[in-house]
1. How tilted is helix 171-188 with respect to the longest principal axis of the chain? Cα atoms for both, answer in degrees (0 to 90, nearest 10).
2. Let me check against my output: what whole-number percent is the relative contact order of region 8-65, with C-alpha pairs under 8 Å and at least 6 apart?
3. From the helices alone, meaning DSSP H stretches of at least four residues, give me the mean residue ellipticity at 222 nm for the chain, per-run term -39500 (n - 2.57), in deg cm²/dmol to the nearest 500.
4. Once all Cα-Cα distances of region 30-108 are split into 10 Å bins that start at 0, what whole-number percent is in each one?
5. What's the carbon and sulfur percent of the chain's accessible surface, probe 1.4 angstrom, rounded to a whole number?
6. Determine the per residue accessible area of region 198-256 with all protein chains present and a 1.4 angstrom probe, expressed in square angstrom.
7. Could you give the Stokes-Einstein D for region 1-57 in µm² per second, using the C-alpha Kirkwood radius, 20 °C, 1.002 mPa s?
8. Give, as a single signed number, the net charge of other residues whose beta carbon lies under 13 Å from the beta carbon of V195, with Lys and Arg counted +1 and Asp and Glu -1.
Amino acid sequence: MRLQAKGIDVAYDGRRVIEGLDLTIPDGKVTAIIGPNGCGKSTLLKTLARLIRPTKGQVFLDGQDIHAAHTRDVARKLGLLPQSPLAPEGITVADLIARGRAPWRSILGRWSPADTAARDAALSATGLEALADRPIAALSGGQRQRAWIAMTLAQDTPILLLDEPTTYLDLPHQVDLLRLLGRLNRDSGRTVVSVLHDLGLAARFSDHVIVMSAGKVLAEGPPSEVITTQTLATAFGLEAVVIPDPIANTPLVVPV
């Protein structure tokens, strides 16, 4: 497995957020991380992305401690879309996407035909060709989020980590974005891991679900096995009925 956490503890200001966590991200699958606010979802994603160093345990990327690997090597294998990323004022869609090529640029920073091909492929995959010269600030929320996804795609990594990518998007744009991630997974075999809040969308658009509670993994597996009345009660304190989605036949959560 390419990305693993073994026995990790993570703390902020002396407060332990994650404790003794073991996790293997399934290769070539779409994984959703769900759980109540404050349970450690985003902290886990940042730790997997090497933004946070665990106080105990290790994160492994291709069998190597991720903190012992060269930054450029990690950036060529793992792409991260954080929450609410900020773009420089006046930057266009094409220029933002081009920044995803940084790990592959030469020391002199020369732009290559491979960089052009990766940028154009990312524009095409996200349907942004017609908006390439438009400033990021002029885009709608859904278009802007697609631009950030495109930048991550241009980085051309086999693993994508996305922290709450549907936040601030209306439901149609959420569905469009998750369909895009699923298509990218199917077309290229990329491993996609997203922190999500909507349980129904997580169930419908994921192959694998990780449920966190109080800094630990409470359950993981296929949505049909993980999103259950018992798991929802334990993780969220939510009394709910789980029924088949009438369209996708995936778990649909109906609060009582």
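1. 70
2. On the way: 54 pairs, mean separation 23.1, N = 58.
Here the relative contact order equals 40 percent.
3. Details: 9 runs with 83 residues, N = 256.
Calculated mean residue ellipticity at 222 nm is -9000 deg cm²/dmol.
4. The distribution over region 30-108 is 14, 38, 34, 13, 1, given as percents.
5. 50
6. Values: 2940 Å² over 59 residues.
The answer is 50 Å² per residue.
7. Values: Rh = 11.9 Å.
Taking Rh from Cα pairs, D becomes 181 µm²/s.
8. Values: positive: K41, K46; negative: D163, E164, D198.
Local charge sum for V195: -1.
The values are calculated or read from the model by the stated rules, or taken from the named source; none is laboratory data. Bear in mind that the values here come from a model prediction, so they are computed numbers and not experimental data. Here Cβ is always computed from backbone atoms with ideal geometry, including for glycine, and neighbour counts include all displayed protein chains. When the accessible area is computed, the model is the full protein with side chains, heavy atoms only, and any ligands, DNA or RNA have been set aside. Shrake-Rupley method; radii C 1.70, N 1.55, O 1.52, S 1.80 Å.
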